[in-house]
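Below is one structure, written out as structure tokens; comments come after it.
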Amino acid sequence: MGEKIILAGAASVSGHDEIIKAFSEIGFEAEFIEAPFIKKYYKDFLFKDISYTDTIPENRIAIPLSEYWISQCIKSRQCAISEKALKASRSKKYFYNLLAAAEIPVPEIFDTIEKAKNFVQENNATIIVKPEGLFSGYAVKIVSQKNLNLLENIVQKAKEVRNNAVKLFEVKNNSALITELVQGDEYSADLFFCRGRLSLVRLCKKVVAEIHGTPCTAICQLVPCSEDFFKQMKHWCSVLFSDDNISFAQFDFIDNGCGQIVPIDFACRVGGGMSELFSECKNNVYADAVWGKQYQPEISKGYLTQFNYLPTKSGILSKDDFNLMAGKQFIYKHKEDFVPESPSSVASRIAVVVRNYLDATEKDAERLLIGDDCIDFWKNSRRK
């Protein structure tokens, strides 16, 4: 029998049997668990052959697959993940400072509102405000010359985020981080670090839409990973992890076009919001990474791409015809359903389409935004 581990967060990945088999073949006896509160999000489907528990079983080490289980690993220390990686998952400022000390390029941090304002005014630049200890885009806002007068208010709101996720995941947030908004192409990557060995789960190029000042991922394209990208990500992991660690790692980063990729976010888990995309892959990307296989997508007919249809306002859907593009369609909201304008939340998506596509652009992203034509302002449209 192999070394026993817990894969904590069954809802975060699909193909459990393949993933368990992959771990078995590298010497681990893996078991999935999930938190009971997840059940309400999967009313029509409950995972079979897994345990539902709020905590990591005693005398087991866990590999967290979601934010909730990162919190449990921090709380119990029942994982084989460095203190640095755990702390970097909960503090963007710590993450940036850690990488900067290793001479890795990171966004410039402004420690006062006045310095941030001067940077915008003197350089006609753009900055971004984020809650320092949160995740998933809560209270993230882009600030430029046109809304610079609102900076103090935006910073205060970022400090005061108090939602269900903060309470449930036992996350502390009482400060805001103000940094430059690095220009360039944005990417997201999942990697698997296993006692010094690093493999790529997937690399996605993203197209981001701005909804009321909040950046939101509208399009994800599975793209090949260059040797240079992988080399730089390997350097990041060498700073964050110890040689005996076992963990997934999710990074967001910007290719600034000058030979550098600049990390902007990190968590020791898998990325979220792309289950539809991975469901159309020929192989299980997580199992392949555990085996040590590097995912390289076929591009003969374009990149496998996920298009997220997003509401630009809260309200009641007035019709079902969203004029979805051709492809594999996943429709989550229908006429008379309430939709929240919450671009950081996967649950706010109206529909998703997965298909092969070449070069997605900002114009493509704009076509995915659903507003006045389909949504009635909720206060005026309560179940007529």
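Which value, in nm² and rounded to one decimal, describes the direction-averaged projected area of the C-alpha convex hull of the range 3-132?
Computed as one quarter of the Cα hull surface, the answer is 11.5 nm².
Beta bridges per DSSP, both residues in the chain: antiparallel share near 80 percent.
Pairs from the list K92/K159; K39/K87; K84/K159 with a Cα-Cα gap above 20 Å: K39/K87; K84/K159. When the accessible area of the chain is split by element with a 1.4 Å probe, what percent falls to carbon and sulfur? Solvent-exposed carbon and sulfur of the chain make up 47 percent of the total. For the peptides 199-207, 290-298, the ranking by mean Cβ contacts within 10 Å, running from highest to lowest, is 199-207, 290-298. In straight-distance terms, cross-link reach from K363 covers every one of the lysines whose alpha-carbon lies under 28 Å from its own, apart from those fewer than eight places away in the same chain; here that gives K130, K141, K146, K205, K206, K301, K313, K319, K328, K333, K335. Rolling a 1.4 Å probe across the protein heavy atoms gives the chain an accessible surface of 48 Å² per residue. Descending by average beta-carbon neighbour count within 10 Å, the peptides 250-261, 61-72 line up as 61-72, 250-261, the highest first. Would you be so kind as to identify which of F28, T55, N147 lies farthest towards the positive end of the dipole of the range 8-165, taking Lys and Arg as +1 and Asp and Glu as -1 on Cβ and the Cα centre as origin? Result: N147, furthest along the dipole toward the positive end. As a length-normalised measure over Cα pairs under 8 Å and 6 or more apart, the relative contact order of the chain settles at 16 percent.
The values are calculated or read from the model by the stated rules, or taken from the named source; none is laboratory data. Only a predicted model underlies this, so the values are computations on that prediction, with no experimental measurement involved. A quick note on method: Cβ atoms are made from the backbone with ideal geometry, for glycine too, and the neighbour counts reach across all protein chains shown. Just so you know, the surface numbers come from the protein's heavy atoms only, side chains and all, with ligands and any DNA or RNA stripped out. Shrake-Rupley method; radii C 1.70, N 1.55, O 1.52, S 1.80 Å.
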